[in-house]
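Worksheet for the structure shown next.
Values quoted throughout were computed directly from the atomic coordinates according to the rules given, and no laboratory measurement underlies them. Quick caveat: nothing in here was measured; it's all calculated off a predicted structure. Neighbour counts run over all protein chains shown; Cβ positions are idealised from the backbone, glycine included.
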Amino acid sequence: MPRPAIHQVASPRSWAVLVAPVRLEIVETMRMIAPCSIAEIAGALDRPADALYRHIEKLRRAGFVTAAGARRAGRRTEQVFDLVADDFRIGFKGVSERAANKAYDDTLQSLLKIAARTARDSARACQLVGMGVHRNVIGKIEHAWLTPAEFNDLRDILMRAKEFMDARKRRREDVPEERLYLGAFVALPVTRKRGARRRKPGVVSQAASRTASAGTKRVRGAARTKP
């Protein structure tokens with residue numbers, strides 16, 4: 001029976017179980033190879049299997065992973081696990097703004113930590129190529145002023161990049177020159193700490209409103225003034 005496409009997570013506590021860096025990597029690996037054994041996950045992550053059992057159990061108790069039977073592996077029998085869905089999304093209900101924002105921050109910190117570790121390991125192995133026709137790494141940080149509609153356009157672009165990679169998760173060695181890549185996509189509002197005031201999305205402060213109004217009056221006055 002195929003897995004559901006999306007599993008909505010209603011609790012920040014459950015979400016925290018998922019987005020711990022090691023468990024997030026386990027789930028991402030399982031999205032490529034599940035149903036699978038812990039030994040297969042360990043091989044894909046290049047980690048000792050013994051270190052993964054407790055993480056799999058936490059994911060199972062939180063409702064992200066399910067036991068999917070057993071199979072023979074040589075002379076022994078191994079447990080097989082599967083995900084309860086192809087992907088997981090936040091669907092918090094009855095959650096405070098502070099709790100939700102902590103969950104968002106924890107998620108982003110885990111993503112960045114995984115990306116940083118992957119970059120470090122590849123660099124130490126001299127596997128990064130940043131120039132020429134064989135370039136295999138790209139990294140950019142960009143700031144831009146965006147309207148809500150423009151942010152939605154950016155989000156759509158990043159979601160298309162995710163869909164592009166999702167479609168290639170299970171290819172696995174069908175193409176001789178392929179290798180595993182990581183893509184980390186982050187876009188978020190900037191808040192400056194010094195003198196920053198929290199502002200609800202779409203709400204303009206009275207001072208900003210007065211400045212805009214004064215500017216409009218000056219423009220209108222300039223338009224009436226003859227040279």
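I need the shape label for segment 6-128. Rule: rounded when a/c is under 1.5, else prolate if a/b > b/c, else oblate, with a, b, c from the alpha carbon gyration tensor.
Oblate shape, in that a/c is at least 1.5 and b/c is the bigger or equal ratio.
Given a Förster distance of 41 angstrom, what is the FRET efficiency for R47 paired with L146, based on the Cβ-Cβ distance and rounded to 0.05?
0.60
Could you tell me what percent of the DSSP beta bridges with both partners in segment 6-128 are antiparallel, to the nearest 5?
Bridges in segment 6-128 that DSSP calls antiparallel: roughly 65 percent.
Which residue, W15, F92, G74, has the largest displacement toward the positive end of the dipole of segment 6-128 when charges sit on each Cβ (Lys, Arg +1; Asp, Glu -1)?
Highest projection toward the positive end goes to G74.
Listed highest first by mean packing, meaning other Cβ atoms within 10 Å per residue, what order do 51-64, 150-163, 97-110 come in?
51-64, 97-110, 150-163
Where the centroid of each part is defined by its Cα atoms, how far is segment 136-164 from segment 1-47 in Å?
Each part reduced to its Cα centre gives a spacing of 25 Å.
How would you order 68-81, 10-23, 175-188 from highest to lowest mean count of nearby Cβ atoms within 10 Å?
Taking the mean over residues of other Cβ atoms within 10 Å, the ranking is 10-23, 68-81, 175-188.
Express in nm, to one decimal, how much length is gained between R120 and K93 on full extension, taking 0.36 nm for each residue of separation and deducting their alpha carbon distance.
This chain segment gains 6.0 nm when fully extended.
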